[in-house]
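In what follows, a structure is listed as structure tokens, so that the remarks can point back to it.
Any read-out appearing in this document is the output of simple, stated calculations on the displayed coordinates, not a laboratory observation. Please read all numbers here as calculations on a predicted model, not as lab measurements. Backbone-built Cβ (ideal geometry, glycine too); neighbour counts: all protein chains shown.
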Ligand code: GTP
Ligand code: MG
């Protein structure tokens, strides 16, 4: 087990990219469940959050990660849909993120929603890396399930290596055309100045150890100060989705990114007709490694500390809006909190 500091919150990682480039499949692999299989038309219609604790990351990453190098508790991944009609969901995911993974199909390269995602990341100044996905589809590829990517690339024939490198350098070129200096991740020293490209396969898990290692390293190195929060402070979050939950009426799927929300808190939520002030009735939480939107049996919890996904049950949420802010009042001045929600 690893010592984690409870004043360091989990970094929020948005997974962005063009439709079908493999965002959900990558998370699915990491999660070890079968969300992709259950999706209608394999299009992700909703944003979900997946908490991956450090010990799981360390297990997947094997030799690449020494868990004692890290004191951040893990990573919280937010999946986003690539279909062109879901641009507000993508913006919401991008705005919420501390860091991001831009998924690009090595065969397809940059596509319209890849460029849209780049614009969101630029606008929100979110550091990101590129997962160059589907390397297993290069003709003649000889898969080495779950291996670090340099190892499996070295094991390919010269022809396959040069085919893949050509595709990867096209992606690096596209990044450069969009104003980002980029290189293969193992050549990047300063991830703030350069975008690291990680070749991966969501099919064979090749490169996934690298992807997790880079994300963890990036957060630890550049995000740590931003992750230092007062977890006992009044919670702050964002509504991802407003939906009915059996036995609880209208509920909010939310991400709490600061402080703590408790099951006896009064909260202010952005609504169509202005801020809604309401009392939390229940906090419902999926277990780690489970996806909020596929979890059937929620467990009721007393409190949820940032950063994490939570389903909030409370009266009067009918008017709440996806994307709206959530703020816990607790010992703060009620009108001040309402004013903050109104401004956001
Ligand atoms: P949207 O949510 O619709 O934007 O798509 P997505 O980016 O989440 O893509 P998804 O994970 O649903 O994958 C799309 C298709 O590509 C599925 O049929 C996957 O099985 C396939 N796929 C994803 N990653 C890989 C990969 O690394 N290799 C291969 N061979 N197929 C992949
Ligand atoms: Mg998807």
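Things to note:
- Each eigenvalue of the Cα gyration tensor of the chain, multiplied by 5 and square-rooted, gives one semi-axis; in descending order these are 36, 20, 19 Å.
- Each label point was placed 7 Å from the Cα along the Cα-to-Cβ direction; for residue 335 and residue 232 their separation is 3.0 nm.
- Calculated FRET value between residue 279 and residue 222, using beta carbons and R₀ = 35 Å, to 0.05: 0.35
- Förster-model FRET efficiency, 22 Å R0, residue 68 and residue 190, C-beta, rounded to 0.05: 0.40
- Tilt relative to the chain, helix 112-123 - C-alpha long axis, 0 to 90 degrees, to 10: 60
- Inter-label distance, residue 137 to residue 181: 3.2 nm, where each label sits 7 Å from its Cα along the C-beta direction.
- Net length available on complete extension from residue 122 to residue 344 is 77.9 nm, with 0.36 nm assigned per residue and the Cα-Cα distance removed.
- The slack between residue 95 and residue 108, meaning 0.36 nm per residue of separation minus the straight C-alpha distance, is 2.1 nm.
- Helix 208-218 axis, angle to the chain major axis (alpha carbon atoms, nearest 10°): 60
- Sequence of 186, 141 once ranked by neighbouring C-beta atoms within 10 Å, starting from the fewest: 186, 141
- Gaussian network model of the chain, springs between alpha carbon atoms under 10 Å - residue of 275, 315, 11 with greatest fluctuation: 315
- Three-way shape call for segment 134-223 based on the alpha-carbon gyration tensor, with the a/c threshold at 1.5: oblate
- Choice from 192, 151, 246 with maximal GNM fluctuation in the chain (Cα, 10 Å cutoff): 246
- Extension gain, residue 299 to residue 264: 0.36 nm times the residue separation minus the Cα-Cα distance gives 11.0 nm.
- Shape of segment 65-139, Cα gyration tensor, a/c cut at 1.5: oblate
- Percent of beta bridges antiparallel (DSSP, the chain, rounded to nearest 5): 65
- When the helices of the chain are scored as -39500 (n - 2.57) per DSSP H run of n ≥ 4 and the total is divided over every residue, the value at 222 nm lands at -8000 deg cm²/dmol.
- Shape of segment 112-162, Cα gyration tensor, a/c cut at 1.5: prolate
- Principal-axis tilt of helix 158-177 within the chain, Cα atoms, nearest 10 degrees: 50
- Proxy reagent accessibility, fewest Cβ within 10 Å first, across 166, 241: 166, 241
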